[in-house]
Amino acid sequence: MPTAFLSHPVCNLHDTGAGHPESAARLAAISDRLLASGLGSVLMNFDAPEVVLDDLLRVHDAAYIDALEARVPSSGLQRIDPDTVIGSRSLDAARRAAGAVVAAVDLVASGSVDNAFCCVRPPGHHAERNESMGFCLFNNIAVGAAHALAAHGYSRVAILDFDVHHGNGTEDIFSSEDRVLFCSSFQHPFYPFTPLLANTENRVSVPLQAGDGSDAFREAVEKHWLPALQRFEPEFVFVSAGFDAHVADDMSHINLIDDDYRWVTEQIMNVASASAGGRIVSSLEGGYELHSLARCVETHLRVLAGVH
């Protein structure tokens, strides 16, 4: 069966202002790459729907959602923290981004597709239950994981986050949820400067040091993620797919290369095949150097789709 590709034109209307790294040019670069490579023609394309309020309320408090809506400007831009900027259509885009992951879960759970990739913005993994930060408004991957648990009855889901920045929001939202295993690797110390918590049965955090590259990243996955995933036996696998640990991306000091994203996606496919019936939903997080971002998303998608 095919790989689903979910996006929506409204995601391009999230205006962050001139010079902001999290811009609509990111999705345009990915789209151009998939068109030029021909890969886009083998994916099953879907428009992302708007998320419904009940899905958001599983991971965000109503007061937070109301406060965020109240800050949306009728025109111009509103800075809601030093890094996060919103315009008049930003929450429309955020609703589509979260809705994409929910719709992807439904497609994969129903067996309509093998797996899915959500090519959306704004990203989500920094958004905590009651706080937006780091370019993120709603925690898209958390919304999808909570939907898988509540609407489809899965009892064990894993979230794998290889963005170079710690997924503090995802960690916050699922900190007391035994049905979720959160595995992450990230540069540390680095933004968002959250405390490094001890690992547990449901949290596997592997910090990488500035200057680390392929060897350290692959060791983190092989020695820490994979044993935890084998013990946990997830029934559904989610991926916070950030590509900003690439050597070409100046948003960090980690030196991954294109092939690392092929390799880690293959490891994720193996995990999903072993216990989750191949069920994977991946959603775009970071990645700001447009050329490496587009190449690495293509690489990620080729592995998901089984196209070489």
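Amide H contacts under 5 Å for residue 206: 184, 185, 186, restricted to partners 5 or more places along the chain or on a different chain, H placed in the peptide plane at 1.01 Å from N. Distant-in-sequence amide contacts of residue 44, defined by a placed amide H-H separation under 5 Å and a gap of 5 or more residues or a different chain, comprise 3, 4, 5. Cα centroid separation, segment 114-157 to segment 170-233: 17 Å. Take the convex hull of the alpha carbons in the chain; its mean projected area over all directions comes to 13.7 nm². For the pair residue 89 and residue 214, what calculated FRET efficiency results from E = 1/(1 + (r/R0)^6), where r is the Cβ-Cβ distance and R0 = 35 Å, to the nearest 0.05? Between residue 214 and residue 89 the formula returns 0.35.
Please give the calculated 222 nm ellipticity per residue for the chain, where each DSSP H segment of at least 4 residues contributes -39500 (n - 2.57) and the sum is spread over every residue; nearest 500 deg cm²/dmol? About -11500 deg cm²/dmol. Across all Cα atoms of segment 1-112, the radius of gyration (one decimal) and Dmax (whole number) stand at 15.8, 45 Å. With θ taken as phi - 60° and the Karplus curve 6.51 cos²θ - 1.76 cosθ + 1.60 applied, the whole-hertz 3J(HN,Hα) list for segment 3-13 is 9, 7, 10, 10, 7, 6, x, 4, 4, 6, 8 Hz, x standing for glycine and proline.
Taking label positions 7 Å along the Cα-Cβ direction at both residue 250 and residue 75, the computed distance is 3.4 nm, reported to one decimal.
Computed from backbone phi with θ = phi - 60° and the Karplus coefficients 6.51, -1.76 and 1.60, the 3J(HN,Hα) list for segment 107-120 is 5, 6, 5, 7, x, 5, 9, 6, 7, 8, 10, 9, 9, 9 Hz; x is used for glycine and proline. Percent of C-alpha pairs per 5 Å bin in segment 185-256, short distances first: 3, 15, 23, 25, 20, 11, 4, 0.
Taking only Cα atoms of segment 1-55, what ratio of Rg to Rh do you get with Rh as the Kirkwood inverse-distance radius?
Details: Rg = 13.6 Å, Rh = 13.1 Å.
Result: Rg/Rh = 1.04.
Calculate, for residue 42 and residue 262, the FRET efficiency according to 1/(1 + (r/R0)^6) with r their C-beta to C-beta distance and R0 22 Å; round to the nearest 0.05. With a Förster radius of 22 Å, E is 0.80. Convex hull of alpha carbon positions in segment 48-123: directionally averaged projected area 5.7 nm².
We did not get these values from a lab; they are worked out from the coordinates using the rules stated. Just so we're clear, the structure is a prediction, and the values are computed from it rather than from any experiment. Glycine also receives a Cβ, built like all others from the backbone with ideal geometry; neighbour counts cover every protein chain displayed.
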